[in-house]
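*Asks:* Dumping the structure here so I can ask a few things about it.
Please treat every number below as a calculation from the coordinates, not as lab data. Here the structure is a predicted model, which means the values were calculated and not measured. All Cβ positions, even for glycine, are placed from backbone atoms using ideal geometry, and neighbour counts span all protein chains on display.
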Amino acid sequence: MSIINYASREIQFKIVYYGPALCGKTTNLQYIHQRINAQNRGELISLATSADRTLFFDFLPLNAVVIKGFVTKFQLYTVPGQVIYNATRQLVLRSVDGVVFVADSQWEKMEENVESFKNLADNLAAQNMSIDEVPLVLEYNKRDLPNVAPVTYLEYVLNNRKKRLQSFEVISSTGQNVFATLNAVSQILLHKFSNQDEVPQTVPQPRVAIPVEAPTAQPQPIDAEV
Amino acid sequence: MSSVPALTIEDVARLDGVLEAFLNKTEAEMTVVIDRGGNVISQFGQMDSTDVTVIAALAAGSFGATRELARRIGEMEFNALYHQGNGSHIFMNSVDEDTIMITVFGSRTTVGLVRFYSSSAAQRVAEILESLRQKKPPKLAVAPVSTGPVFATR
């Protein structure tokens, strides 16, 4: 939950990058850390195993001036994607203000994507938050790989809820649409924070439009409830 | 129990009063009150604000992780943790079920003194935070948020 400090003129928000193991959550933060001005960011902290798998979380603090007279601090976290670390994911999700769900676009990762998305919904529900209410955007990562599912399929599987989410085709290793994703979730949470129901039209739209037509091959969702 | 959404200048002054008195008694270097999500609620003492943000995130994680350890031996959680370094140390204690107090101290004081005074300081902080949770939050006096991109690349 955001914290407003009128004495230091600071507002804090927490954004969590969530998704299955090896989907590229840490790579997102690494790219943001590389590309953002040094005066607007802190140190990237990674609590990882010797094999560079996230053990606890990655953490990157960012500052922005988006509300007049206030320094807005965004705290970016990743969760460990491996299934066994659910207690850690619950811990990192505590007091979250916005979520980027990072899906691995490869066909063989689809079941893990769906499982992780359900796990996100469950863990939010455990702290009395609804996945339909928390600012959330979808990131379809690894679009440069040869064996990726079409975006229409990913939309059908992961974005098939009543409320359609903004989604982005991302290549986190090169940075494609990494900032578009971050800006989208930041805008949504800022507008929720300022009690506005709709994101204004002036907000940059995702470069990849959300397809509205049904996929031609009519693939079945892995789990119809997702 | 819920977290504290807004702190007025008066609220921060009340918290600072408790934290300053605590630092004076213990001769610790810095103390930070955080929520268990890793957000900084209040801080007193000298340290770069970015470092404080990082310490808050790591301390919240550390405290949460040891809760599972505590459960294995029949405790709900450990209500205090101590990390001992060669010259600098960190003592963390639970304020309430949503809040933690972190104290960084060096060789000018001892963990016993910090532990002794942290108990009463945490109790006073808890009372202040509880009163904040009970009162109606102030209307947010901020200008409309920007509608452009929040972050840009170099």
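*Asks:* Starting from the Cα coordinates of segment B:9-134, work out the convex hull volume and express it per residue in Å³.
*Replies:* Numbers: hull volume 13.5 nm³, N = 126.
It comes to 107 Å³ per residue, whole-number rounded.
*Asks:* If you don't mind, another one. When DSSP beta bridges are limited to those with both residues in the protein assembly as shown, what percentage is antiparallel, rounded to the nearest 5?
*Replies:* Details: 38 of 61 bridges.
Given both bridge residues lie in the protein assembly as shown, the antiparallel proportion sits at roughly 60 percent.
*Asks:* Suppose R0 equals 51 Å; then what is the FRET efficiency for A:Asp122 and B:Arg108 from their Cβ-Cβ distance, rounded to the nearest 0.05? Each step should come with its number before you reach the end.
*Replies:* Details: r = 47 Å, r/R0 = 0.93.
The calculated FRET efficiency here is 0.60.
*Asks:* Over segment B:9-134, what is the mean sequence separation of C-alpha contacts under 8 Å (at least six apart), divided by residue count, expressed as relative contact order in percent?
*Replies:* Values: 186 pairs, mean separation 35.1, N = 126.
Once divided by the residue count of segment B:9-134, the mean separation gives 28 percent.
*Asks:* Based on the mean of other beta carbon atoms within 10 Å per residue, what is the order of A:171-183, B:81-93, most packed first?
*Replies:* On the way: A:171-183: 20.8, B:81-93: 14.6.
Output ranking for A:171-183, B:81-93: A:171-183, B:81-93.
*Asks:* Please get the size of the charge dipole for segment A:11-193, origin at its Cα centre, with Cβ charges of +1 on Lys and Arg and -1 on Asp and Glu, quoted in debye to the nearest 20. Don't skip to the answer; put the middle values down first.
*Replies:* On the way: 18 positive and 16 negative charges, 115 e Å.
Result for segment A:11-193 is approximately 560 debye, rounded to the nearest 20.
*Asks:* Among rounded, prolate and oblate, which fits segment A:11-193 when a ≥ b ≥ c are the square roots of the eigenvalues of its C-alpha gyration tensor, a/c under 1.5 means rounded, and a/b larger than b/c means prolate? Walk me through the numbers before you get to the answer.
*Replies:* Details: a/c = 1.33, a/b = 1.25, b/c = 1.07.
In terms of gyration-tensor shape, rounded.
*Asks:* If you don't mind, there's one more thing I want to ask. Given Cβ point charges of +1 (Lys, Arg) and -1 (Asp, Glu) and nothing else, what value in debye, to the nearest 20, does the dipole of the protein assembly as shown about its Cα centre take? Working shown, then result.
*Replies:* Numbers: 34 positive and 39 negative charges, 108 e Å.
Computed charge dipole of the protein assembly as shown: roughly 520 debye.
*Asks:* Evaluate peptide A:63-72: per residue, the Cβ atoms of other protein chains within 10 Å of its Cβ; return the mean as an integer. Show your work: numbers first, answer last.
*Replies:* Details: counts 4, 5, 2, 9, 6, 5, 3, 4, 1, 4.
Neighbouring Cβ atoms belonging to other protein chains average 4 per residue here.
*Asks:* Using Cα atoms only, what is the angle between the long axis of helix B:49-72 and the major principal axis of chain B, expressed in degrees (0 to 90) to the nearest 10?
*Replies:* The answer is roughly 60 degrees.
*Asks:* While we're looking at this one, here's another question. Please give the peptides A:38-45, B:120-127 ranked by average Cβ packing (other Cβ atoms within 10 Å per residue), highest first, as a rough proxy for protection.
*Replies:* Numbers: A:38-45: 15.0, B:120-127: 17.9.
Final packing ranking: B:120-127, A:38-45.
*Asks:* Compare the peptides B:72-80, B:53-61 by average per-residue count of other Cβ atoms within 10 angstrom and give them in order, highest first.
*Replies:* Working: B:72-80: 11.9, B:53-61: 22.2.
Highest to lowest by the protection proxy: B:53-61, B:72-80.
*Asks:* Take peptide A:29-42, look around each residue's Cβ out to 10 angstrom, count Cβ atoms belonging to other protein chains, and average those counts. Working shown, then result.
*Replies:* Working: counts 0, 0, 1, 2, 0, 2, 4, 4, 4, 1, 0, 3, 2, 8.
The mean count of partner-chain Cβ atoms within 10 Å per residue comes to 2.
*Asks:* Could you state the angle between the C-alpha long axis of helix B:111-134 and the longest principal axis of the C-alpha atoms of chain B, as a value from 0 to 90 degrees rounded to the nearest 10?
*Replies:* With rounding to tens, the tilt is 30 degrees.
*Asks:* Another one. For A:Asn40 and B:Met47, what is the calculated FRET efficiency with R₀ set at 25 Å and r taken between the beta-carbons, to the nearest 0.05? All intermediate terms of the calculation are to be shown ahead of the outcome.
*Replies:* Numbers: r = 20 Å, r/R0 = 0.78.
Efficiency computed from Cβ-Cβ geometry: 0.80.
*Asks:* What is the magnitude of the charge dipole of segment B:9-134 about its Cα centre, with +1 placed on the Cβ of each Lys and Arg, -1 on the Cβ of each Asp and Glu, and no other charges, expressed in debye to the nearest 20? Spell out each step's value before the answer.
*Replies:* Working: 10 positive and 17 negative charges, 84 e Å.
Here segment B:9-134 has a charge dipole of around 400 debye.
*Asks:* On to the next question. 7 Å from Cα along Cα→Cβ at both A:Ser173 and B:Glu130: what's the point-to-point distance in nm?
*Replies:* 5.5
*Asks:* Let me ask something else about it. Between A:Asn160 and B:Arg115, what's the calculated FRET efficiency when r is the beta-carbon distance and R0 is 45 Å? Round to 0.05.
*Replies:* On the way: r = 53 Å, r/R0 = 1.19.
Calculated transfer efficiency: 0.25.
*Asks:* Can you give the average number of partner chain beta-carbon atoms within 10 Å of each beta-carbon in peptide B:32-42, as a whole number?
*Replies:* Working: counts 0, 0, 1, 6, 3, 15, 11, 12, 7, 3, 4.
For this peptide, the per-residue mean of nearby foreign Cβ atoms is 6.
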